[in-house]
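Here the structure comes first, spelled out in structure tokens, and everything after it is commentary.
What follows draws every value from the coordinates through simple rules; no lab data is involved. Note that the structure is a prediction, hence the values are computed from the model and not measured. Virtual Cβ from ideal backbone geometry, glycine too; neighbours counted across all protein chains shown.
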Protein chains: 2
Amino acid sequence: MSLKKKPVTGMKDISPKEMEIRNYVMGLIRETYGQFGFSAIETPCVEHIENLSSKQGGENEKLIFKILKRGEKLKLESAQSEADLVDGGLRYDLTLPLSRYYANNANDLPSPFKALQMGNVWRADRPQRGRYRQFMQCDIDILGEPTILAEIELILATSTLVGKLDFENFTIRINDRRILKAMAAYSGFETDSYDTVFIILDKMDKIGLEGVEEELKKEGFPEEAVSKYLELFQKVTPDLEGVKYLKETLNGVLDEKTADDLALIIESVETVRTANFKIVFDPTLVRGMSYYTGPIFEISIDGFSGSVGGGGRYDEMIGRFTGNQTPACGFSIGFERIVMLLLEKDYQVPNKAGKAAFLIEKNMPKDKLLDVFRQAEEKRKDGTVVSMNMMKKNKKFQKDQLTAEGYTEIVEFFAK
Amino acid sequence: MSLKKKPVTGMKDISPKEMEIRNYVMGLIRETYGQFGFSAIETPCVEHIENLSSKQGGENEKLIFKILKRGEKLKLESAQSEADLVDGGLRYDLTLPLSRYYANNANDLPSPFKALQMGNVWRADRPQRGRYRQFMQCDIDILGEPTILAEIELILATSTLVGKLDFENFTIRINDRRILKAMAAYSGFETDSYDTVFIILDKMDKIGLEGVEEELKKEGFPEEAVSKYLELFQKVTPDLEGVKYLKETLNGVLDEKTADDLALIIESVETVRTANFKIVFDPTLVRGMSYYTGPIFEISIDGFSGSVGGGGRYDEMIGRFTGNQTPACGFSIGFERIVMLLLEKDYQVPNKAGKAAFLIEKNMPKDKLLDVFRQAEEKRKDGTVVSMNMMKKNKKFQKDQLTAEGYTEIVEFFAK
């Protein structure tokens, strides 16, 4: 009888080398976010299928790994559809379980509640290079804080974390869903066309201003609206001046406080930041999920395309689940992407313990053997890693292998 | 639309308080086992259903959470049985995935390979107090080491770990499957009755010697065999003398090396141990899983019933999967049980950082606010946890809540 040796389609085994980096990053996350007062919680990987299918998960709801009912509950003969067969599924994100957790435990939780979640999620996506069907998500969320204190703390915590990871520079881009909407309204787009406009706007970094203009026109939007819209983007600068410009220009369609708050977030982060990064105002930042209600942000590492994290304010989502309006704001760090970048640049985990391998010749007399164990134990007390090994016939190969594993000190013990 | 608020049946949400202890214990495990040269690996939570159903998992195979096929592969109309509907399942232990991992990666792995696995497993057991359907397992295994060096290292690593956890005393009980069998053979039991004999023997700590005698007789075993068997248990002592006694008495049915090796394991561990524990020879120790082939061991904490971990040598299992005989030995620590015991005794994680809460009055002028952020950042540099909070109307309640969360320093910042 033989096993299928490969992992299931789209999932992967993780080697000691990658695990070392993962564990290091996870430790750093716990430490850094802990210092900002975030508390770790955990929810089961399996969720009620009703919760997973509640239309909050967008496209992800099509990608659920569903779990078969068990025992008498499974009635195969009378099952008409998938729904009759399953009662659970693997979670596709950590936001839905957080909402459930909060609804279930709100009375015992502090307000605001600052949660840190690190855990696997599953999506039955088409397998592709570098994207897996099981992957780690890492979210921080502040529930119950209506002011921009939440945004500032989330951005400072995340940038402090990324700053500890030896990347040269990184950039935080920030926008506000209400500014996005106000810019569209000011230009004369109809409310029900915003989604289409934003999907096109979202391509700005790929197709440029002219590409956006072309696609907007192709959609049949009035030329006047399109040119008014694009003019805004030409005039606005990616800084506090840009925010101020929009505050004045969008007067009447944009609440002044929205612009002032955004400016204060940027200024606070700029003033306090300890790491080497920029925070820029990016009026083209859209972020896909429709549940965002206020500031939105993304973090990217200079020299690498794509973002390594993002988030924003979603004041209406928790209430839709719990029945109680609860302001909420979160930042999700792209754990897998960060680990991949660190692996690619052959990142060395700092402050590694020294590694010593003891090679013990066969048939060592008992007293000598006990003494070797004692020596190993002594060395471990100093913080050194000590691995005990029986000496092999091909000692050169054995030593090479140990050196490749990072053992810098190899001590031989002979029977005589 | 409202969510189901409770977790799915038999699984639990984990609070910040429990997470603090879990993360501390996990860190200690990584550090301690790391010092013994174990490398962390990880496998997907989802396994091929064929692997999970390969008859290696014993009773656990009845408890699998099975995962529905997706897309075109799911043919509901033509499905005759459960097996037609599923292609994966959640792993019920970490030993099967380790075998698959080893089979898939053996060429790139050092020999011996010392693996540390920490991860969730799932069993659709009848829910009961303190036992959950998702729980963490924590295994160390040494693959490719035929000598008792493996047993000694596993026991030293595990006892070092438990010793760091502030329990007063603990005990490691050790036996050998070959001694178990030799004792039964010596007494005159037939080979095919061993399993029945061992199941009864396993109850010794509950029903005592007389209870075992009664049950063996009730099974219809010859009186002579029963009395010869029990006499052995009366004469043997739980120490090196006991091993020596059996070595002499079982001469002819027990390989001398088995007894000598067991004695050397006990003596080595006794000599080298740093923590406060006993290692005793327990000829009544059975360990359920039939795959064990040599030494078996369990660890229990004095004053608490049941074991908090166990393991043994299983030299034939990996080969059955991979086709290549591979000696193997493992020790699994009862992570959930240890966390439960620590929670019950209100264990305080050592070396906790100081915790300060900053309370910020509403409408704080910008310059002042930026200064508060700067002060927080300074304090964090010293290692202090700093949580920023808007000052609430009911400040007394807010302070009480923060104190309950462990914030010992509360600093107020006023707008004027």
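Between this copy and the others, label points of A:Gly252 are 11.0 nm apart in ascending order, each placed 7 angstrom from Cα in the Cβ direction. The angle between the Cα long axis of helix B:366-381 and the longest principal axis of the Cα atoms of chain B comes to about 30 degrees, rounded to the nearest 10. Normalised by 2.2 N^0.38 Å, where N is the number of residues, the C-alpha radius of gyration of region A:345-386 stands at 1.56. Geometric descriptor of the protein assembly as shown, per residue, is 186 Å³ (volume of the convex hull of the Cα atoms).
With n ≥ 4 as the cut-off for DSSP H runs, can you work out [θ] at 222 nm for chain B, using -39500 (n - 2.57) per run divided by the number of residues, rounded to the nearest 500?
-12500 deg cm²/dmol
Of the residues A:Ala79, A:Leu161, A:Phe413, the one whose Cα sits farthest toward the positive end of the charge dipole of chain A, with +1 on the Cβ of Lys and Arg and -1 on the Cβ of Asp and Glu, is A:Phe413.
Couplings 3J(HN,Hα) of region B:250-264, computed from phi: 8, 3, x, 9, 10, 4, 4, 4, 4, 5, 4, 4, 4, 4, 5 Hz, in residue order, whole Hz [Karplus 6.51 cos²θ - 1.76 cosθ + 1.60, θ = phi - 60°; x for Gly and Pro]. GNM on chain A, alpha-carbon springs under 10 angstrom: the most fluctuating residue among A:Arg22, A:Arg126, A:Arg374 is A:Arg374.
Among the listed pairs A:Lys4/A:Lys396; A:Lys381/B:Lys114; A:Lys381/B:Lys235, those with a Cα-Cα distance over 30 Å are A:Lys4/A:Lys396; A:Lys381/B:Lys235. Taking label positions 7 Å along the Cα-Cβ direction at both A:Glu31 and A:Leu230, the computed distance is 5.0 nm, reported to one decimal. Sorted largest first, the principal axis extents computed over the alpha-carbon atoms of region A:355-413 equal 29, 29, 10 Å.
Against the compact-protein benchmark of 2.2 N^0.38 Å, the Cα-based radius of gyration of chain A scales to 1.24. In this simple spin-label model, placing a label point 7 Å from the Cα along the Cα-to-Cβ direction at both A:Asp400 and B:Phe413 gives a separation of 6.0 nm.
For the protein assembly as shown, a simple Cβ point-charge model (Lys and Arg +1, Asp and Glu -1, everything else neutral) yields a dipole of about 80 debye relative to the Cα centre. The lysines within cross-link reach of B:Lys392, meaning a Cα-to-Cα straight distance under 16 Å and a gap of 8 or more places when in the same chain, are B:Lys362. Most fluctuating residue of B:Glu361, B:Glu42, B:Glu336 in a GNM of chain B with Cα springs under 10 Å: which is it? Looking only at B:Glu361, B:Glu42, B:Glu336, the biggest GNM fluctuation is shown by B:Glu361. The aspartates and glutamates within cross-link reach of A:Lys62, meaning a Cα-to-Cα straight distance under 19 Å and a gap of 8 or more places when in the same chain, are A:Glu47, A:Glu50, A:Glu82, A:Asp84, A:Asp87, A:Asp93, A:Asp125, B:Glu72, B:Asp87. Between region B:298-346 and region A:95-125, what's the alpha-carbon centroid distance in Å? For region B:298-346 versus region A:95-125, the Cα centre distance is 31 Å. Helix B:16-35 and the longest principal axis of the Cα set of chain B meet at an angle near 50°.
Of all beta bridges that DSSP places with both ends in the protein assembly as shown, some 70 percent have antiparallel geometry.
Once you have a ≥ b ≥ c as the square roots of the Cα gyration tensor eigenvalues for region A:27-88, tell me rounded if a/c is under 1.5, and otherwise prolate or oblate according to whether a/b is larger than b/c. It comes out prolate by the Cα gyration axes. Pairs from the list A:Lys6/B:Lys73; A:Lys5/A:Lys366; A:Lys55/A:Lys278; A:Lys247/B:Lys368; B:Lys17/B:Lys164; A:Lys355/B:Lys17 with a Cα-Cα gap above 30 Å: A:Lys5/A:Lys366; A:Lys55/A:Lys278; A:Lys355/B:Lys17. Distance between the modelled labels on A:Lys203 and B:Glu344, one decimal in nanometres: 6.3 nm (7 Å Cα→Cβ projection). Ordering B:Glu151, A:Glu213, A:Glu344 from the fewest to the most neighbouring beta carbons within 10 Å gives A:Glu344, A:Glu213, B:Glu151.
Across the options B:Gly383, B:Tyr92, B:Ala182, the greatest Cα extent toward the positive end of the charge dipole of chain B (unit charges at beta carbon of Lys, Arg, Asp, Glu) belongs to B:Gly383.
Relative contact order of chain A, taken over Cα pairs closer than 8 Å and 6 or more residues apart, is 16 percent. Summarising the amide proton neighbourhood of B:Ile279: residues at separation of 5 or more, or on other chains, whose placed amide H is nearer than 5 Å comprise B:Ile172. Structure remark: mean-square fluctuation, Gaussian network model of chain A, C-alpha springs under 10 Å; the largest value among A:Ser159, A:Ser39, A:Ser111 belongs to A:Ser111. Relative to the other identical copies, A:Ser290 shows label-point distances of 5.7 nm, where the label point lies 7 Å from Cα along the Cβ direction and values run shortest first.
The A:Ala185 and B:Lys392 beta-carbon pair, evaluated with R₀ = 45 Å, returns a calculated FRET efficiency of approximately 0.80.
Between the amide H of A:Asn120 and those of A:Gln137, distances stay under 5 Å, these residues lying 5 or more places away or on another chain, with hydrogens modeled in the peptide plane. Summing +1 for each Lys or Arg and -1 for each Asp or Glu among the other residues whose beta-carbon sits under 11 angstrom from that of A:Leu154 gives -3. Note that region B:336-347 has calculated 3J(HN,Hα) couplings of 5, 5, 5, 4, 4, 4, 5, 4, 4, 8, 6, 4 Hz, one per residue in order, obtained from phi through the Karplus relation 6.51 cos²θ - 1.76 cosθ + 1.60 (θ = phi - 60°); glycine and proline are x.
Charged side chains reduced to their Cβ positions (Lys and Arg at +1, Asp and Glu at -1) give region B:16-344 a dipole of some 980 debye around its Cα centre. Its residues counted as N, region B:89-232 yields a C-alpha radius of gyration over 2.2 N^0.38 Å of 1.37. The mean of 1/r over all distinct Cα pairs in region A:1-148, once inverted, gives the Kirkwood hydrodynamic radius of 17.8 Å. Prolate is the label for region B:165-247, because the ratio a/c of its alpha-carbon gyration tensor axes (a ≥ b ≥ c) is 1.5 or higher and a/b is greater than b/c.
Scalar couplings 3J(HN,Hα) for region B:391-397, obtained by applying the Karplus form with A = 6.51, B = -1.76, C = 1.60 to θ = phi - 60°, are 5, 9, 4, 8, 5, 5, 4 Hz; x denotes Gly and Pro. Here B:Lys395 yields copy-to-copy label distances, from shortest upward, of 7.4 nm, the label point defined as 7 Å from Cα along Cα to C-beta.
Taking the Cα centre of region B:130-201 as reference, the dipole from Cβ charges on Lys and Arg (+1) and Asp and Glu (-1) amounts to some 220 debye.
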